[in-house]
Amino acid sequence: MNIAELARKLNVPLTELRERLPGLGFDIGMRAIKVDDRVAQKIIQSWAEWKRAQRVPTGVGTEKQTPAASGEEAKEETAAPPIALPSAITVRDFATALGLPVTRVIQELMKSGVLAAMNERIDYDTAAIVAEDLGFRTERRQKESADESVEMSRGERLAALLAESPEKLQPRAPVVVIMGHVDHGKTKLLDAIRETDVASGEAGGITQHIGAYQVTQKKGKKITFIDTPGHEAFTVMRSRGARVADVAVLVVAADDGVQPQTVEAKNIIEAAKLPFVVALNKMDKADVNTDLVKRQLSDIGLLPEDWGGKTVIVPVSAKTGQGIPELLDMILLVAEVEKESIMANPERRAVGTIIESHMDKLSGVTTTVLVQAGTLHANDHLAVAGKLYGRVRAMNDWNGKLVKEAGPGMPVRILGCRVAPQVGDILEVPEDPSALERIKPSVKGLEEAAPRPRPLTEEEAKVEKRLAVLLRADVLGSLEAIVGSFEKFVHPEVAVDVVGRGLGNITEADVSQAEASGAQVLGFHVQPMPQAATLAAERGVQIRVFEVIYDLLNAVRADLEHLLPPEVLRAELGKVKVKGVFRTERRAMIVGGLVTEGKVLLPSRVRIIRNGETVDQGALSELQVAKHAATEAAFGQECGLRVETRTPILLDDVLEF
């Protein structure tokens with residue numbers, strides 16, 4: 001629980017709560033942002049007992065100002081108006097709102113135990129606490145801006161489109177999202193459910209795209225599954241998968257336990273308020289420790305049913321098929337509990353959500369849509385955000401079978417869009433297509449489908465060296481995920497500059513653009529056209545293609561490291577006071593002295609200090625102790641030195657090594 005939320009529950013100012021807690025036996029620290037739920041309940045109980053002991057009625061608030069605080073402090077508080085913050089904000093925008101450098105805000109977040117890069121989002125409660133520590137007052141913004149509420153407005157629009165009178169609603173197939181940490185067997189589990197083999201076709205065995213599939217349970221009931229990518233770069237895509245689902249399956253490997261993306265997936269599921277089931281996978285392995293995994297799940301707030309909690313855990317094995325029927329039964333049981341919300345009107349005009357869109361080199365724009373209400377027919381017109389995108393020329397189910405209609409809860413892949421819509425867009429069949437504006441296809445193919453570059457922040461503009469890249473991917477979700485990963489490469493001296501992005505194979509226009517901007521071309525699941533490859537060879541433009549996102553990100557990270565200047569580390573070894581000057585050579589001097597601090601090592605760099613100021617630098621090339629060659633002279637020893645320098649060394653000079 002957030003400390004701010006706890007303060008609201010107790011109806012007490014945050015500062016007073018923090019000051020009182022040590023006296024009640026709860027030493028959580030003055031900079032704590034969150035507290036364990038069980039500890040929070042104990043604090044609430046102890047607070048109530050303390051209030052009774054003070055003979056103060058529980059319902060009376062403590063926010064009235066005391067006489068001591070009603071003087072100059074009150075004037076200061078009223079002088080500066082509170083800063084309005086949204087429910088979620090990036091660290092960069094948060095720093096801009098406070099008028100502070102991003103590095104200063106990140107430092108304060110780290111002090112409070114929050115590790116967040118400048119492009120990561122933090123919630124309002126965290127931002128409010130950090131702002132208070134920095135001396136600012138905040139308030140929650142009641143009305144979100146257009147940019148901040150894009151997803152919210154999409155959700156509200158979808159809810160309005162799906163609103164129907166109860167008598168028209170009929171049960172539909174529940175939509176289930178599979179989530180969890182990378183390599184915990186999500187796709188293999190889905191393979192076992194639908195008896196196919198998708199993971200072996202994915203590069204590196206990692207799901208690179210969102211896939212939607214529909215299976216029929218033995219009792220004849222249909223279930224729609226959405227497989228979300230496992231790599232950390234696809235966080236945005238995973239969260240999109242949660243937005244269209246009715247039930248979630250959190251996959252945890254029995255031999256690996258709870259991992260960072262497990263926690264992230266759990267947070268996404270809870271934020272979407274989805275009922276969920278935990279599938280404990282890889283139970284066929286001999287070294288599994290289910291009690292350890294259950295303990296780890298309990299630590300993140302998922303207490304198993306057999307331990308007295310509410311989290312349903314189903315042991316399964318994607319390899320042997322163990323527990324798959326029980327998992328499907330449990331999914332249908334959870335869906336039955338939520339059946340009032342898993343209904344739709346199949347007789348209306350179709351409404352759905354874009355799951356994926358990409359450019360197929362043979363078919364053109366290919367879009368995967370999950371129909372959520374109504375029935376989508378062949379030749380239906382397609383509209384997104386009031387613009388006419390085209391019409392359904394062909395429609396295939398997840399098996400590739402040509403279908404003429406798709407009802408609620410059914411995922412289909414359609415051909416006919418003139419331009420690839422954004423992943424997460426709401427697709428609908430318009431009532432009057434002629435009244436809508438027709439969207440124009442881009443000259444280059446699909447650049448307008450790609451996310452637009454955002455303007456650079458002041459700190460990003462100060463970066464001296466930028467790695468220019470032109471990015472091409474096969475699907476829009478992957479393109480967004482890669483660009484989002486680039487933004488996490490935060491460094492004060494180097495950064496990635498995406499000069500162009502788009503979908504489909506690499507063309508001659510991409511090579512020309514890369515040449516003009518001095519960029520390299522990166523392709524993900526695409527190939528350069530033959531003419532483009534020839535042109536790139538002639539003009540010296542580097543084209544690199546990747547099948548696994550790990551390899552692409554590692555290559556870009558390595559290029560950024562090459563741009564960094566060499567890091568010079570100076571270790572102070574010791575000091576020698578010059579007691580005698582024996583010989584002056586053309587580029588060196590031979591002197592004798594006493595080691596007054598530390599030690600002298602051969603070889604090492606030398607500073608010549610005279611009257612407290614550095615007059616020159618040199619290098620130690622020979623060292624003698626007691627007239628014998630040595631590699632080290634310790635504190636208190638006298639030694640002879642040959643120092644390579646053009647500056648004469650005088651008596652009483654100090655040599656720093």
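The values are calculated or read from the model by the stated rules, or taken from the named source; none is laboratory data. This one's a predicted model, so the numbers in the text were calculated from it and none came from an experiment. Reconstructed Cβ throughout: ideal geometry from the backbone, glycine too, with neighbour counts over all protein chains shown. To get the accessible areas, we keep the full protein, side chains included, count just its heavy atoms, and leave off ligands, DNA and RNA. Shrake-Rupley method; radii C 1.70, N 1.55, O 1.52, S 1.80 Å.
Among the conditions (1) farther than 24 Å from residue 366 by Cα; (2) modelled with pLDDT of 80 or more, residue 506 misses just one, which is (1). Could you tell me whether residue 353 is surrounded by fewer than 17 Cβ atoms within 10 Å (Cβ to Cβ) and among the hydroxyl-bearing types (Ser, Thr, Tyr)? Criteria not met by residue 353.
Selection of first residues in the range 279-297 that are over 21 Å from residue 334 (Cβ atoms) and of second residues that are among the hydrophobic types (A, V, I, L, M, F, W, C) and not in a loop (DSSP other than H, G, I, E, B), restricted to Cβ pairs under 6 Å at least 6 apart or on distinct chains, gives the following pairs, ordered by first then second residue: 282/253. Within the range 302-324, the residues that satisfy the criterion of being part of a loop (DSSP other than H, G, I, E, B), aliphatic (A, V, I, L, M) and at pLDDT 85 or above are 302, 303, 312, 316.
If you filter the range 504-519 down to residues that are of a type in the set (S, T, N, Q) and in contact with a strand residue (DSSP E or B) (Cβ under 6 Å, 6 or more places away or on another chain), you find that the one that is surrounded by the most Cβ atoms within 10 Å (Cβ to Cβ) is 513.
Only residues that are of a type in the set (A, V, I, L, M), part of a loop (DSSP other than H, G, I, E, B) and open to solvent by 30 Å² or more (accessible area, probe 1.4 Å) were counted in the range 378-406, giving 2.
Just wondering, is there one or more residues in the range 632-655 that are of a type in the set (A, V, I, L, M) and in contact with a Ser or Thr (Cβ under 7 Å, 6 or more places away or on another chain)?
First, pick out the residues of the range 632-655 that are of a type in the set (A, V, I, L, M): 633-634, 641, 643, 649-651, 654-655.
The next check asks that each one be in contact with a Ser or Thr (Cβ under 7 Å, 6 or more places away or on another chain); those that pass are none.
No, there is no match, as no residue in the range 632-655 is of a type in the set (A, V, I, L, M) and in contact with a Ser or Thr (Cβ under 7 Å, 6 or more places away or on another chain).
Pairs linking a residue in the range 22-47 that is closer than 20 Å to residue 111 by Cα to a residue that is open to solvent by less than 90 Å² (accessible area, probe 1.4 Å) and charged (D, E, K, R), with Cβ atoms under 7 Å and 6 or more positions apart or on different chains, are 30/18; 31/133. Restricting attention to the range 543-588 and to residues that are open to solvent by less than 10 Å² (accessible area, probe 1.4 Å) and assigned to a helix (DSSP H, G or I), the residue that is farthest from residue 467 (Cα to Cα) turns out to be 549.
In the range 459-475, the residue that is modelled with the highest pLDDT out of those that are over 15 Å from residue 560 (Cβ atoms) and touching a helix residue (DSSP H, G or I) at 6+ places or on another chain (Cβ under 6 Å) is 470.
Of everything in the range 160-185 that is hydrophobic (A, V, I, L, M, F, W, C) and open to solvent by 60 Å² or more (accessible area, probe 1.4 Å), the residue that is modelled with the highest pLDDT is 163.
The residue pairs whose first member lies in the range 83-98 and is free of Cβ contacts under 8 Å to residues at least 24 places away in the same chain, whose second member is open to solvent by 10 Å² or more (accessible area, probe 1.4 Å), and whose beta carbons are closer than 6 Å, counting only pairs six or more residues apart or on different chains, are 95/102; 97/83.
Just checking, does the range 589-605 include any residue being over 30 Å from residue 473 (Cα atoms), open to solvent by 70 Å² or more (accessible area, probe 1.4 Å) and out of contact with any strand residue (DSSP E or B) (no Cβ under 7 Å at 6 or more places or on another chain)?
First, the residues of the range 589-605 that are over 30 Å from residue 473 (Cα atoms): 589-605.
Filter once more, so that each one left must be open to solvent by 70 Å² or more (accessible area, probe 1.4 Å): 597, 599, 603, 605.
Keeping just the survivors that are out of contact with any strand residue (DSSP E or B) (no Cβ under 7 Å at 6 or more places or on another chain) gives none.
No: zero hits.
The residue that is farthest from residue 301 (Cα to Cα), among those in the range 47-90 that are open to solvent by less than 70 Å² (accessible area, probe 1.4 Å), touching a helix residue (DSSP H, G or I) at 6+ places or on another chain (Cβ under 8 Å) and at pLDDT below 80, is 62. Summed over the range 333-350, the residues that are surrounded by fewer than 17 Cβ atoms within 10 Å (Cβ to Cβ), part of a helix (DSSP H, G or I) and touching a residue at least 12 places away in the same chain (Cβ under 8 Å) give a count of 1. Among 622, 656, which is the only one that is open to solvent by less than 40 Å² (accessible area, probe 1.4 Å), over 14 Å from residue 579 (Cβ atoms) and acidic (Asp, Glu)? Result of the check over 622, 656: 656.
Quick one: which strands (runs of 3 or more DSSP E) sit completely within the range 204-288 and have at least 1 residues that are at pLDDT 80 or above? Walk me through how you get there before you give the answer.
On the way: elements: 211-216, 222-227, 247-253, 276-281.
Passing ranges, in order: 222-227, 247-253, 276-281.
Here's the yes/no breakdown for (1) closer than 27 Å to residue 223 by Cα; (2) in contact with a helix residue (DSSP H, G or I) (Cβ under 9 Å, 6 or more places away or on another chain):
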position: 275; (1), (2): yes, yes
position: 300; (1), (2): no, yes
position: 309; (1), (2): yes, yes
position: 321; (1), (2): yes, yes
position: 332; (1), (2): yes, no
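When 365, 371 are checked against the criterion of being open to solvent by less than 30 Å² (accessible area, probe 1.4 Å), of a type in the set (Val, Ile, Thr), part of a strand (DSSP E or B) and under 19 Å from residue 221 (Cβ atoms), 371 stands alone in meeting it.
Exactly one residue out of 548, 556, 568 is modelled with pLDDT under 90 and over 30 Å from residue 637 (Cβ atoms): that is 548.
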